[in-house]
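First comes the structure, then the notes that go with it.
The values are calculated or read from the model by the stated rules, or taken from the named source; none is laboratory data. Just so we're clear, the structure is a prediction, and the values are computed from it rather than from any experiment. Note: ideal-geometry Cβ built from the backbone for every residue, glycine included; neighbour counts use all protein chains shown. Accessible surface areas use protein heavy atoms only, side chains included; no ligands, DNA or RNA. Shrake-Rupley method; radii C 1.70, N 1.55, O 1.52, S 1.80 Å.
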Amino acid sequence: MSTYTIPVGPLHVALEEPMYFRVQVEGETIVGLDITAGHVHRGMEFLVMRRNIYQNITLTERLCSLCSNNHPFTYCMALEKIAGIEIPERAEYLRVIADEIKRIASNLFNAAMLAHIIGFDSLFMHVMEIREIVQDTKETIYGNRMDLAANCIGGVKYDLSDEKIKYLMKQIDRLKKPLEEIIDIYINNKFVRARTEGVGILPKEEAIRYGVVGPVARGSGIDYDVRVKSPYAAYDKIKFNVHVENGCDVRARAIVRLREIQEAINIIEQCLKKLPNGPTCIDYLPEIPAGEAVAKSEAPRGELIYYLRTNGTDMPERLKWRVPTYMNWEALNVMMPGNKVSDIPLIISSIDPCISCTER
Amino acid sequence: MSSFLKIAIRNLLKGPSTDPYPFGETFVPKGLRGKIKYNAKACVACRMCEHVCAGGAIQIREVADKSGLEFILWHNTCAFCGLCEHYCPTKAIRLTEDYHTAHRQEDKYRYVEKGFIKYVNCARCATPMVPIAFELLNVAHDQVNEDIEKLRHLCPKCRQERALR
Ligand code: SF4
Ligand code: SF4
């Protein structure tokens, strides 16, 4: 059988984000892979050094659309560490609520993409419609469908009135039944199963070797979640499960994401019940001394790490972040070989890649 | 179970779930972050909005004849983040629920929100100053009495002198 190389990308591999692969194939089977990154470098790390601490709240939120809340969230946590700011308790809960709402929408989006890639477009539409419940919720509570702009230095800049709490309860209730239905389909439907089971295997040892994070790690049997390992905001006051699957394939990663939506609903419900009264944000303009800090959070795609250094002015001296996709895309080198060419987009989408934040 | 057919039929019976926009109404929740509205009367020219705006959509400049300050906001540069409103002490800058931002290409540089803060003269020494908005007094004091109201018309220097007397 002849071996040849096919270029995949840089446009439209799974999502409409540029990523370029040179795939070596033998007949229909993938034998090797080259990943070329760097197509959407926007110079964000430089831009943040040209913006003051406030402007960077907005700028970091635009690193990535699907994990958008985690960036300003983690950035604010780093700043607050340097300045020694204690945020009000209510704000901690509100931050968790915002983050979990984003997680639901993000994971539903990835589940929908999976359906689209395997040609199950009616399921794709259906899942996107379920996601629409979340989009409407975000728009009603935060004022925007994607970038919530929930965080500010020392707290959050939104509040939940009793009326909004009721509304949010109602909206997440509306998600439960359709969610159960689609989880059943993703796990048991024979067409979905035929395309996802045993595809894009990342064995546990390899997952550890590559240091993958988020649902990619948890789909390969690794019980790692920042929310539990090093709790931040109100996560230490909430009881929830970290869902781990041992299938190590595309299907396992999809199941993890779907189960995490259910867990997110559980987390939001607990937060709404426990939500303490009080202010949502510090009531002074903070002074940020010179210093450095590392903050991390569990984004929908996995562990997100921020490193921030300040020099006493209100412009950061350095801000660097390590995003989950950076760890996860290398593992494609393990997932791809042995699979069919037609599975390339499916495997790529199974790591839920975010190129815009990885290449920033 | 696990067949999609039931769901597909249910969805079919439900009919389209898209809004008929622009020919009909669409979902606009209260609190949507849309086009900015600026109220020069309530503005105290603290420039915090200008400072926090990531895109640099806001500019506050003294006009050529030095009669006051001009506020300009480029709608096309605004990212609807709401930071300006959050940090504005008097809420002179607000995001409205108006999301209609379509305009002609030739109008793109004129597509702005403008305001003018005319300097007033200090009641004592006549130095031109930014008028102190009533809204600011409400932020600073629980109750605005006559004395405080009088101080409103003095420049910072005269105010200081009055306070020390
Ligand atoms: S909403 Fe954000 S981007 Fe728009 S003017 Fe205000 S601070 Fe600037
Ligand atoms: S609009 Fe508000 S934040 Fe901006 S200068 Fe006026 S008072 Fe200050």
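Looking only at the range A:264-319, which residues are small (G, A, S) and open to solvent by 30 Å² or more (accessible area, probe 1.4 Å)? Selection gives A:G278, A:A290, A:G312.
Inspect the range B:12-29 for any residue being at pLDDT below 85, open to solvent by less than 50 Å² (accessible area, probe 1.4 Å) and under 30 Å from A:G119 (Cβ atoms) and give the result as yes or no. Checked against the condition, which is being at pLDDT below 85, open to solvent by less than 50 Å² (accessible area, probe 1.4 Å) and under 30 Å from A:G119 (Cβ atoms), the range B:12-29 yields at least one hit.
Among the residues examined, B:L73 does not qualify as in contact (Cβ under 8 Å) with a residue 60 or more places away in the chain and open to solvent by less than 90 Å² (accessible area, probe 1.4 Å).
Of all residues in the range A:320-360, how many are open to solvent by 10 Å² or more (accessible area, probe 1.4 Å) and either over 18 Å from A:S68 (Cα atoms) or in contact with a His (Cβ under 8 Å, 6 or more places away or on another chain) (or both)? Looking only at that region, the number is 15.
Matching residues to (1) under 18 Å from the mean Cα position of the chain (by Cα); (2) under 30 Å from A:L114 (Cα atoms):
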{"position": "A:E206", "(1), (2)": "no, yes"}
{"position": "A:V216", "(1), (2)": "yes, yes"}
{"position": "A:Y224", "(1), (2)": "yes, yes"}
{"position": "A:L258", "(1), (2)": "yes, yes"}
{"position": "A:P286", "(1), (2)": "no, no"}
{"position": "A:R309", "(1), (2)": "no, no"}
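Mind checking which residues of the range A:95-117 are farther than 30 Å from A:N189 by Cα and either basic (K, R) or within 14 Å of another protein chain (Cβ to nearest Cβ) (or both)? Across the range A:95-117, the qualifying residues are A:R95, A:A98.
For A:Q135, the requirement of being part of a helix (DSSP H, G or I), among the polar types (S, T, N, Q) and touching a Ser or Thr at 6+ places or on another chain (Cβ under 7 Å) is not met.
Comparison of B:E50, B:E85, B:E62 shows that the only residue that is without any contact (Cβ under 8 Å) to a residue 60 or more places away in the chain and more than 12 Å from ligand 1 (Cβ to nearest atom) is B:E62. Evaluation of B:F116 against the conditions (1) open to solvent by less than 40 Å² (accessible area, probe 1.4 Å); (2) away from ligand 1 (no atom under 16 Å from the Cβ); (3) not small (G, A, S) shows that the sole unmet condition is (1).
Among residues that are in a helix (DSSP H, G or I), away from every other protein chain (no Cβ under 14 Å), crowded, with 24+ Cβ neighbours inside 10 Å and not hydrophobic (A, V, I, L, M, F, W, C), A:R90 is not included. Pairing residues of the range B:30-41 that are in the same structural domain as B:T77 (by TED's automatic domain parsing) with residues that are part of a loop (DSSP other than H, G, I, E, B) and within 11 Å of ligand 2 (Cβ to nearest atom), at Cβ distances under 8 Å and at least 6 apart in sequence or on separate chains, gives B:Y38/B:A92; B:N39/B:A92; B:A40/B:A92; B:K41/B:A92; B:K41/B:A133.
Looking at the range A:194-206, is at least one residue closer than 28 Å to A:F73 by Cα, without any contact (Cβ under 8 Å) to a residue 24 or more places away in the chain and surrounded by fewer than 17 Cβ atoms within 10 Å (Cβ to Cβ)? No, the range A:194-206 contains no residue that is closer than 28 Å to A:F73 by Cα, without any contact (Cβ under 8 Å) to a residue 24 or more places away in the chain and surrounded by fewer than 17 Cβ atoms within 10 Å (Cβ to Cβ).
Looking across the range A:118-143, the residues that are in contact with a helix residue (DSSP H, G or I) (Cβ under 7 Å, 6 or more places away or on another chain), crowded, with 20+ Cβ neighbours inside 10 Å and within 7 Å of chain B (Cβ to nearest Cβ) come down to A:L123, A:H126. Considering only the range B:92-117, state which residues are of a type in the set (A, V, I, L, M) and in a loop (DSSP other than H, G, I, E, B). Once the filter is applied, which keeps residues that are of a type in the set (A, V, I, L, M) and in a loop (DSSP other than H, G, I, E, B), the range B:92-117 yields B:A92, B:A102.
How about the range A:1-43: which of its residues are acidic (D, E), at pLDDT 85 or above and over 15 Å from A:N333 (Cβ atoms)? Spell out the reasoning first.
Initially, the range A:1-43 is screened for residues acidic (D, E), giving A:16-17, A:26, A:28, A:34.
If we keep only those that are at pLDDT 85 or above too, we end up with A:26, A:28, A:34.
Matches in the range A:1-43: A:E26, A:E28.
So, B:V44, is that one under 30 Å from B:I117 (Cβ atoms), among the aliphatic types (A, V, I, L, M) and without any contact (Cβ under 8 Å) to a residue 40 or more places away in the chain or not? So B:V44 does not fit the description; no. When you scan the range B:99-108, do you find a residue that is open to solvent by 80 Å² or more (accessible area, probe 1.4 Å), on the phi < 0 side of the Ramachandran plot and within 15 Å of ligand 2 (Cβ to nearest atom), even just one? The answer is no, given that none of the residues of the range B:99-108 is open to solvent by 80 Å² or more (accessible area, probe 1.4 Å), on the phi < 0 side of the Ramachandran plot and within 15 Å of ligand 2 (Cβ to nearest atom).
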